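Since the structure comes first, as structure tokens, the remarks are kept for the end.
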Amino acid sequence: MGLLDNKVALITGAGRGIGKAIALRFAQEGCNIAFTDIALNDVVMETEKELATLGVKVKAYASNAANFEETHQVVDEIVKDFGRIDILVNNAGITKDTALKRMTEEQWDAVINVNLKSVFNFTKAVQPVMWKQAGGSVINMSSVVGVSGNANQCNYSASKAGIIGFTKSAAKEMGVRNIRHNAIAPGFIITAMTNALPEDVRKQWESLIPLRRGGTPEDVANVALFLASDLSSYVTGQVIATSARMSRVRSSTAAVV
Ligand code: NAI
């Protein structure tokens with residue numbers, strides 16, 4: 001018996017990275033998976049295949065999470081295909097890091113729209129479904145820099161801080177229908193992106209993490225599993241940080257989310 005048997009999860013941006021790790025973890029617990037990504041490329045189709053080997057119902061959808069209309073269309077399609085949505089993971093996200101003095105309006109708008117407006121788009125589209133079901137768990141992917149800020153990431157940290165405000169407000173609004181909203185704030189997670197950092201910068205970050213190592217996508221997926229399942233049935237409006245630093249360091253490159 002799995003923790004999410006026969007439930008349906010909608011995960012955005014799950015073609016790779018943390019979203020994919022969450023989809024795999026949920027599927028291992030018996031959850032059916034509808035996931036989106038910006039395009040159905042080879043990587044995304046490979047993820048769909050990998051998930052299907054776990055014996056649950058799986059379907060990938062192309063959808064730009066920043067687009068309000070597209071989001072509502074894809075949610076309608078998913079409800080037609082799967083019949084319900086029990087769990088929504090707002091995971092899709094991008095970075096466009098640079099110093100504020102060089103940041104363009106396009107870089108600001110792109111990050112706010114993909115990271116923050118997407119949370120509004122999907123939560124709004126899924127709300128009537130969960131409201132009718134009188135239950136649901138919404139998990140939003142924030143970041144420790146949404147709490148602490150980070151040089152060269154004014155756009156990114158503003159989007160991730162916005163997600164925290166949204167999560168806490170939605171939790172207060174929808175708790176009455178047993179719809180829970182929580183956020184995860186990952187710190188230094190080992191992905192293709194953070195692996196590209198110079199060795200000395202990585203080591204410096206790791207030395208400031210209480211557990212003395214970067215987190216893995218699977219570490220984040222296990223936190224998402226807790227928030228998705230009935231184990232967290234009395235947890236809402238919370239932000240759970242993973243692999244947070246003990247104090248701030250000024251990274252020579254900004255590509256640490
Ligand atoms: P990633 O870049 O590996 O994966 C992001 C996925 O979102 C990709 O598959 C991408 O195609 C998709 N995506 C991008 N724009 C989209 C759009 N407009 N519509 C739909 N899908 C879109 O990134 P990663 O590392 O897996 O990050 C996932 C989430 O976790 C993001 O929200 C990120 O900000 C957050 N995060 C990541 C950390 C890290 O260290 N990797 C740390 C803290 C937060």
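The values are calculated or read from the model by the stated rules, or taken from the named source; none is laboratory data. Bear in mind that the values here come from a model prediction, so they are computed numbers and not experimental data. For neighbour counting, all protein chains shown are included, and Cβ atoms are generated from backbone atoms with ideal geometry for every residue, glycine included. Each accessible area value is taken on the protein alone, full model and side chains, heavy atoms only, with ligands, DNA and RNA left out. Shrake-Rupley method; radii C 1.70, N 1.55, O 1.52, S 1.80 Å.
Key figures
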{"read-out": "Which numbered condition ALA158 fails, given (1) surrounded by fewer than 24 Cβ atoms within 10 Å (Cβ to Cβ); (2) closer than 17 Å to SER233 by Cβ", "value": "(2)"}
{"read-out": "Selection within segment 170-207 - of a type in the set (S, T, N, Q) and over 16 Å from ALA241 (Cα atoms)", "value": "ASN178, THR191, THR194, ASN195, GLN204, SER207"}
{"read-out": "Subset of segment 18-55 [farther than 21 Å from ILE190 by Cβ, open to solvent by 50 Å² or more (accessible area, probe 1.4 Å) and over 18 Å from the mean Cα position of the chain (by Cα)]", "value": "LEU40, ASN41, ASP42, MET45, LYS49, ALA52, THR53, LEU54, GLY55"}
{"read-out": "Entirely in segment 18-99, the strands (runs of 3 or more DSSP E) that have 1 or more residues that are out of contact with any Leu (no Cβ under 8 Å at 6 or more places or on another chain) and near the ligand (Cβ under 9 Å from one of its atoms)", "value": "32-37, 87-90"}
{"read-out": "Candidate set from segment 1-17 (those that are open to solvent by 10 Å² or more (accessible area, probe 1.4 Å) and in a loop (DSSP other than H, G, I, E, B)); member that is nearest to the ligand (Cβ to nearest atom)", "value": "GLY13"}
{"read-out": "Tally, over segment 153-170, of residues that are more than 19 Å from SER137 (Cα to Cα) and either modelled with pLDDT under 95 or aromatic (Phe, Trp, Tyr) (or both)", "value": "1"}
{"read-out": "Failed item in (1) modelled with pLDDT under 95; (2) under 18 Å from the mean Cα position of the chain (by Cα); (3) small (Gly, Ala, Ser), with SER148 passing the rest", "value": "(2)"}
{"read-out": "Scan of segment 100-130 for residues that are in contact (Cβ under 8 Å) with a residue 60 or more places away in the chain and either away from the ligand (no atom under 11 Å from the Cβ) or surrounded by fewer than 19 Cβ atoms within 10 Å (Cβ to Cβ) (or both), ordered by number", "value": "VAL126"}
{"read-out": "Filter result (open to solvent by 30 Å² or more (accessible area, probe 1.4 Å) and in contact (Cβ under 8 Å) with a residue 24 or more places away in the chain) within segment 161-170", "value": "PHE166, LYS168"}
{"read-out": "Selected residue (only one of ARG250, ARG213 is surrounded by fewer than 16 Cβ atoms within 10 Å (Cβ to Cβ) and at pLDDT 90 or above)", "value": "ARG213"}
{"read-out": "Considering residues of segment 56-86 that are under 24 Å from ASN115 (Cα atoms) and small (Gly, Ala, Ser) only, the residue surrounded by the most Cβ atoms within 10 Å (Cβ to Cβ)", "value": "SER63"}
{"read-out": "Subset of segment 168-201 (residues that are part of a helix (DSSP H, G or I), within 17 Å of the chain's Cα centre (by Cα) and away from the ligand (no atom under 13 Å from the Cβ))", "value": "LYS168, ALA170, ALA171"}
{"read-out": "Search result, residues across segment 138-155 that are touching a residue at least 60 places away in the same chain (Cβ under 8 Å), assigned to a helix (DSSP H, G or I) and surrounded by fewer than 20 Cβ atoms within 10 Å (Cβ to Cβ)", "value": "VAL147, SER148"}
{"read-out": "Residues (open to solvent by 20 Å² or more (accessible area, probe 1.4 Å) and out of contact with any helix residue (DSSP H, G or I) (no Cβ under 8 Å at 6 or more places or on another chain)) located in segment 171-189", "value": "LYS172, GLU173, GLY175, VAL176, ASN178"}
